[in-house]
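Here is the structure we will look at.
The values are calculated or read from the model by the stated rules, or taken from the named source; none is laboratory data. The structure displayed is predicted, hence computed values, not measured ones. When we count neighbours, we look across all protein chains shown, and the Cβ atoms used for this are built from the backbone with ideal geometry, even at glycine.
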Amino acid sequence: MEIVKELTKAEEQIMKVLWHLKKGSIKEVADQMVEPKPAYNTVATVLKVLKTKGFVAYEVDGSAFAYFPLVAERDYRHFAFDKVLSSYFNNSYQSLLSFLAEEKNIDPQAQENLMRLAEKLKDK
C-alpha cells in the first residue's frame, strides 16, 4: 500500500461518492452528495485538490472530465483506522476493545467475538 495522506471532511465526502460511482463528472458527483449539497464550483475545487493530492485522476469524456479514484477505499479505510488506533489507543487493540466494550455498551456475545478477533490480531 502506498503512503496515503489524510483527507479533510469535504474531501472524504467526495471520495466516498467517487468510490461508490467508480467514475463521475463534477455534476454527477455533486448530484450524489448528501444535503446540504455543496455548490458545483465547490465540488470542482475539491476534486482539483484531490487530484493534486494523488487521490483522483480524470479522463476527458466528451466536453466533461470524468474523475475516478486512484486510492482504493479499503486502503484509505486502513489508513484512517491506523490513525485512530495510534492517536487515541496508543496502538493497543486491547485499549480499543476495552473502549468499545465499556463506552459503546456492546453485548457480551459481541465482546467475546471482539476478544477472539483481538487474539488473532496479536498473532499477526
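A few notes on this one:
- Glu59 vs. criteria modelled with pLDDT under 90 and either more than 22 Å from the chain's Cα centre (by Cα) or among the polar types (S, T, N, Q) (or both): no
- Qualifying residue in region 56-76 (condition: among the β-branched types (Val, Ile, Thr) and touching a Pro at 6+ places or on another chain (Cβ under 7 Å)): yes
- Pairs where the first residue, in region 40-51, is under 14 Å from Leu7 (Cβ atoms) and the second is loosely packed, with under 15 Cβ neighbours inside 10 Å and modelled with pLDDT of 95 or more, C-beta under 7 Å, 6+ apart: Lys51/Ala57
- So Asn91, is it under 24 Å from the mean Cα position of the chain (by Cα), over 25 Å from Gln13 (Cβ atoms) and modelled with pLDDT of 80 or more: yes
- Residue within region 6-13 that is of a type in the set (D, E, K, R), in contact with a helix residue (DSSP H, G or I) (Cβ under 7 Å, 6 or more places away or on another chain), surrounded by 14 or more Cβ atoms within 10 Å (Cβ to Cβ) and at pLDDT 90 or above present: yes
- Region 11-27, residues that are farther than 19 Å from Ala64 by Cβ and either charged (D, E, K, R) or not assigned by TED's automatic domain parsing to the domain that holds Ala64 (or both): Glu11, Glu12, Lys16
- Qualifying residue in region 66-78 (condition: outside any helix (DSSP H, G or I) and either loosely packed, with under 11 Cβ neighbours inside 10 Å or among the charged types (D, E, K, R) (or both)): no
- Exactly one residue out of Ala101, Ala110 is surrounded by 15 or more Cβ atoms within 10 Å (Cβ to Cβ), outside the structural domain of Leu21 (by TED's automatic domain parsing) and either at pLDDT below 85 or touching a strand residue (DSSP E or B) at 6+ places or on another chain (Cβ under 7 Å) (or both): that is Ala101.
- Some residue of region 1-24 being more than 17 Å from the chain's Cα centre (by Cα) and farther than 30 Å from Gln109 by Cβ: yes
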